Amino acid sequence: MKTYFTKLSSNLEKGILKISNSDQTEIQKCEARKLLAIDHYQELRKFVSSYQFKSELEEIQYFRCQKPTLVAS
């Protein structure tokens, strides 16, 4: 889970940076970042729905720390 989440977060950050450096207007950038974040969140939800947490601690870590970090992006 941790490896998957780290990779997903890294891809999201790279995508946001790429959009921020583009020649689009600020409104277009905001819309593109929003859509990118939604896509990554949906990907995470799909993964978690089929993932079996290894322990209660891992599940708590996901819901308290990892998921809010991605949603806040």
222 nm mean residue ellipticity, helices alone, for the chain (DSSP H n ≥ 4; -39,500 (n - 2.57); rounded to 500): -24500 deg cm²/dmol
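Please give the FRET efficiency for Glu59 paired with Glu31, using the beta carbon to beta carbon distance and R0 = 35 Å, rounded to the nearest 0.05.
On the way: r = 33 Å, r/R0 = 0.96.
Efficiency, rounded to the nearest 0.05: 0.55.
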Tail beyond 14 Å, pair distance distribution of the chain (Cα, percent): 62 percent
Just tell me which lysines come within less than 23 Å, Cα to Cα, of Lys54; anything on the same chain fewer than 8 places away is out. Lys2, Lys7, Lys46, Lys67
Quick check: the angle from helix 2-20's long axis to the longest principal axis of the chain, C-alpha only, nearest 10 degrees? 10 degrees
Note to self: with every protein chain in place and a 1.4 Å probe, the chain gives an accessible area per residue in Å² of 75 Å²
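The values are calculated or read from the model by the stated rules, or taken from the named source; none is laboratory data. Quantities reported herein were computed from a predicted structural model and do not represent experimental measurements. Counting neighbours? That spans all protein chains shown, and the Cβs are built from the backbone with ideal geometry, glycine included. Heavy atoms of the whole protein, side chains included, go into the accessibility calculation; ligands, DNA and RNA do not. Shrake-Rupley method; radii C 1.70, N 1.55, O 1.52, S 1.80 Å.
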